[in-house]
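A.B. asks: Have a look at the structure that comes next, please.
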Amino acid sequence: MEQFLADEHATLALGAALANVCPAQLCVIHLEGELGAGKTTLTRGFLQALGHKGKVKSPTYTLVEHYELAGRPLFHFDLYRLSDPGELEFLGLDDYLQQNAICLIEWAQRGSEYLPEPDVLVQLEYRDHARLATISPRSQRGEEICEQLHI
Ligand SMILES: Nc1ncnc2c1ncn2[C@@H]1O[C@H](COP(=O)(O)OP(=O)(O)O)[C@@H](O)[C@H]1O
Ligand SMILES: [Mg+2]
């Protein structure tokens, strides 16, 4: 489905809406779009909806930032600086893919086959000064998430 995001608040609200329908099991969301498209902004809305207060660091150099929110682990990846997908082997990805974890992954395409398949893919594009989001389910769980999404 497509959603026009008129301003930053709309991007934050989409992140919050996704957070609110994330099931209790492992949930993987890939965020695609060029620099400045709003991937980190959407993540901020997602984290805040789960109770995060304060800043959201872009894990550009660390590749991943870990949060504990609403009693479950959340991992925010930003793979922009990943030069070789093989580097992900050293990150111990299996540790992140726990039963009830949420993984939000910016620049997932740079991780290629080392990353888990997404449940939901969110593509963000520029529309003049605003953005357009295309939200696509990529698994059975993703279908359920998208059905429940009220935006
Ligand atoms: N729907 C929107 N319309 C206009 N500006 C937006 C929208 N969503 C986010 N922004 C702005 O665009 C920039 C996006 O930056 P960021 O979220 O860091 O992008 P990315 O992580 O994709 O590189 C921020 O300055 C943010 O305020
Ligand atoms: Mg970003």
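A.B. asks: Being surrounded by fewer than 18 Cβ atoms within 10 Å (Cβ to Cβ), under 15 Å from residue 39 (Cβ atoms) and at pLDDT 90 or above: is that true of residue 109 here? Give the steps one after another, and end with the answer.
C.D. replies: Details: surrounded by fewer than 18 Cβ atoms within 10 Å (Cβ to Cβ): yes; under 15 Å from residue 39 (Cβ atoms): yes; at pLDDT 90 or above: no.
The answer is no for residue 109.
A.B. asks: I would also like to ask the following. In segment 91-111, which residues are in a helix (DSSP H, G or I) and within 16 Å of ligand 2 (Cβ to nearest atom)?
C.D. replies: Pass one, segment 91-111, residues in a helix (DSSP H, G or I): 91, 93-95, 108-110.
Passing the criteria: 108, 109, 110.
A.B. asks: Another question about this same structure. Does residue 49 meet the test of being aliphatic (A, V, I, L, M), closer than 20 Å to residue 137 by Cα and modelled with pLDDT of 95 or more? Outline the logic, then answer.
C.D. replies: Numbers: aliphatic (A, V, I, L, M): yes; closer than 20 Å to residue 137 by Cα: no; modelled with pLDDT of 95 or more: yes.
No; evaluated as a whole, the condition is false for this residue.
A.B. asks: Within segment 97-136, can you find the residues that are out of contact with any strand residue (DSSP E or B) (no Cβ under 6 Å at 6 or more places or on another chain) and under 17 Å from residue 21 (Cα atoms)?
C.D. replies: The answer is 99, and nothing else.
A.B. asks: Considering only residues of segment 112-151 that are in contact with a Gly (Cβ under 9 Å, 6 or more places away or on another chain) and not in a strand (DSSP E or B), which is surrounded by the fewest Cβ atoms within 10 Å (Cβ to Cβ)?
C.D. replies: Going residue by residue through segment 112-151, those that are in contact with a Gly (Cβ under 9 Å, 6 or more places away or on another chain) are 114, 118-126, 131, 133, 136.
Keeping just the survivors that are not in a strand (DSSP E or B) gives 114, 118-119.
On the way: 114: 16, 118: 21, 119: 25.
The qualifying residue surrounded by the fewest Cβ atoms within 10 Å (Cβ to Cβ) is 114.
A.B. asks: Residues to consider are 14, 63, 93, 31; find the one that is touching a residue at least 24 places away in the same chain (Cβ under 8 Å) and away from ligand 1 (no atom under 13 Å from the Cβ).
C.D. replies: Values: 14 fails: away from ligand 1 (no atom under 13 Å from the Cβ); 93 fails: touching a residue at least 24 places away in the same chain (Cβ under 8 Å); 31 fails: away from ligand 1 (no atom under 13 Å from the Cβ).
It is 63.
A.B. asks: Condition (residue is within 23 Å of residue 112 (Cα to Cα) and touching a residue at least 12 places away in the same chain (Cβ under 8 Å)) applied to segment 42-52: is it met by at least one residue?
C.D. replies: Step one: list which residues in segment 42-52 are within 23 Å of residue 112 (Cα to Cα), which gives 42-43.
The next check asks that each one be touching a residue at least 12 places away in the same chain (Cβ under 8 Å); those that pass are 42-43.
There is at least one residue in segment 42-52 that is within 23 Å of residue 112 (Cα to Cα) and touching a residue at least 12 places away in the same chain (Cβ under 8 Å).
A.B. asks: Of everything in segment 72-83, what is more than 16 Å from ligand 2 (Cβ to nearest atom) and at pLDDT 90 or above? Give them in sequence order.
C.D. replies: Step one: filter segment 72-83 for residues more than 16 Å from ligand 2 (Cβ to nearest atom), giving 72-73, 83.
Across segment 72-83, the qualifying residues are 72, 73.
A.B. asks: Does residue 57 qualify as being farther than 23 Å from residue 94 by Cβ, open to solvent by 10 Å² or more (accessible area, probe 1.4 Å) and either within 14 Å of ligand 2 (Cβ to nearest atom) or in contact with a strand residue (DSSP E or B) (Cβ under 6 Å, 6 or more places away or on another chain) (or both)? So that I can check it myself, show each step before the final result.
C.D. replies: Values: farther than 23 Å from residue 94 by Cβ: yes; open to solvent by 10 Å² or more (accessible area, probe 1.4 Å): yes; either within 14 Å of ligand 2 (Cβ to nearest atom) or in contact with a strand residue (DSSP E or B) (Cβ under 6 Å, 6 or more places away or on another chain) (or both): yes.
Spelling it out, residue 57 is indeed farther than 23 Å from residue 94 by Cβ, open to solvent by 10 Å² or more (accessible area, probe 1.4 Å) and either within 14 Å of ligand 2 (Cβ to nearest atom) or in contact with a strand residue (DSSP E or B) (Cβ under 6 Å, 6 or more places away or on another chain) (or both).
A.B. asks: Return the residues of segment 8-40 that are open to solvent by 30 Å² or more (accessible area, probe 1.4 Å) and within 10 Å of the chain's Cα centre (by Cα); say none if nothing qualifies.
C.D. replies: 32, 40
A.B. asks: Could you please let me know if residue 42 is within 15 Å of ligand 2 (Cβ to nearest atom), within 22 Å of residue 139 (Cβ to Cβ) and not small (Gly, Ala, Ser)?
C.D. replies: On the way: within 15 Å of ligand 2 (Cβ to nearest atom): yes; within 22 Å of residue 139 (Cβ to Cβ): yes; not small (Gly, Ala, Ser): yes.
Yes: the conditions hold for residue 42.
The values are calculated or read from the model by the stated rules, or taken from the named source; none is laboratory data. Please read these numbers as outputs of a predicted model, since none were measured by experiment. Neighbour counts are summed over all protein chains in view; Cβ atoms, including those assigned to glycine, are modelled from backbone coordinates with ideal geometry. We work out accessible area using only protein heavy atoms, side chains counted, and drop any ligands, DNA or RNA first. Shrake-Rupley method; radii C 1.70, N 1.55, O 1.52, S 1.80 Å.
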